[in-house]
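To keep things clear, I will list the structure first and then write my remarks on it.
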Amino acid sequence: MVQTDNLTFHYKREEQVFRFPNIALKEHENLLILGKSGIGKTTLLHLLAGLLKPISGSVVIDEVPINSLSHSQLDKFRGQNIGLVFQKSHAIRSLSVYDNLRARLFFGKKPINHNAIDSLLKELDLSETKKSKVNELSEGQLQRLGIAIAVVHHPQLILADEPTSNLDDENCNAVLQLLLQQAEENSANLVVITHDSRIKSAFNNVITL
């Protein structure tokens, strides 16, 4: 469950105040947030992830008002309950594919289940890259690894920042289906922010900023 109420945010040294529509997602519901560059899409995603603190308003995830948490409590909550899919890879370059997933579980204070990691790698067609370093991966493999890192700890909320905008139609659909599938398997809410209107038909809930 994800709920926001009267969220506003203001960056220092900028005049614009971002005001965001309210969000109310029940279990298993997904949301697409569409908008052009500079409209505040990434700001909203960072507010949902607790990476930014709003001027006013609230963010509630799984009945936890995350803005009332201390820094350490928020870090722990985010590590255990939120998965982030970035447009560019944030995998640790010095580690293998497998060790990146182990590291995500370790930092999220989640048990490391080797069978579950192997199963996820197989599902995302990454089994053959298990021992490969990140810099040996193709762009498509990097994107799938980003999804794996975002979901390996079974989050309640998956947040994806422009996951398809740089992809051709075939790969756009493939990545979208992987995200939807992982959200369903983890019983998680999926929130995608993008300017890519090609994926609009895949969502029942759409907000245009």
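Taking the conditions (1) in a loop (DSSP other than H, G, I, E, B); (2) in contact with a Ser or Thr (Cβ under 9 Å, 6 or more places away or on another chain); (3) surrounded by 15 or more Cβ atoms within 10 Å (Cβ to Cβ) in turn, HIS28 satisfies each one other than (3).
Taking region 1-25 as the range and being open to solvent by less than 20 Å² (accessible area, probe 1.4 Å) and assigned to a loop (DSSP other than H, G, I, E, B) as the test, only PHE20 passes. Is it fair to say GLU63 is in contact (Cβ under 8 Å) with a residue 12 or more places away in the chain and over 22 Å from LYS200 (Cα atoms)? Against the criterion (in contact (Cβ under 8 Å) with a residue 12 or more places away in the chain and over 22 Å from LYS200 (Cα atoms)), GLU63 qualifies. Among the residues of region 133-148, just one is part of a loop (DSSP other than H, G, I, E, B) and open to solvent by 30 Å² or more (accessible area, probe 1.4 Å), namely SER138. Tell me, yes or no, whether region 33-42 has at least one residue that is farther than 17 Å from THR208 by Cβ and of a type outside the set (S, T, N, Q). Looking through region 33-42, none of the residues is farther than 17 Å from THR208 by Cβ and of a type outside the set (S, T, N, Q).
Only a single item in (1) modelled with pLDDT under 90; (2) open to solvent by 40 Å² or more (accessible area, probe 1.4 Å) is not met by GLY40, and it is number (2). Could you tell me whether any residue of region 113-129 is touching a Ser or Thr at 6+ places or on another chain (Cβ under 6 Å), over 14 Å from PHE86 (Cβ atoms) and open to solvent by 80 Å² or more (accessible area, probe 1.4 Å)? Looking through region 113-129, none of the residues is touching a Ser or Thr at 6+ places or on another chain (Cβ under 6 Å), over 14 Å from PHE86 (Cβ atoms) and open to solvent by 80 Å² or more (accessible area, probe 1.4 Å). In this structure, does GLN80 turn out to be in contact (Cβ under 8 Å) with a residue 60 or more places away in the chain, open to solvent by 20 Å² or more (accessible area, probe 1.4 Å), within 18 Å of ILE158 (Cα to Cα) and in a helix (DSSP H, G or I)? It is true that GLN80 is in contact (Cβ under 8 Å) with a residue 60 or more places away in the chain, open to solvent by 20 Å² or more (accessible area, probe 1.4 Å), within 18 Å of ILE158 (Cα to Cα) and in a helix (DSSP H, G or I).
I need the full set of residues from region 149-177 which are in a strand (DSSP E or B) and open to solvent by 10 Å² or more (accessible area, probe 1.4 Å), in order please. Answer for region 149-177, where residues must be in a strand (DSSP E or B) and open to solvent by 10 Å² or more (accessible area, probe 1.4 Å): just ASP161.
The values are calculated or read from the model by the stated rules, or taken from the named source; none is laboratory data. Treat the numbers as computed from the prediction; the structure is a model and nothing was measured. Please note: Cβ atoms are built from the backbone with ideal geometry, for glycine as well, and neighbour counts cover all protein chains shown. We work out accessible area using only protein heavy atoms, side chains counted, and drop any ligands, DNA or RNA first. Shrake-Rupley method; radii C 1.70, N 1.55, O 1.52, S 1.80 Å.
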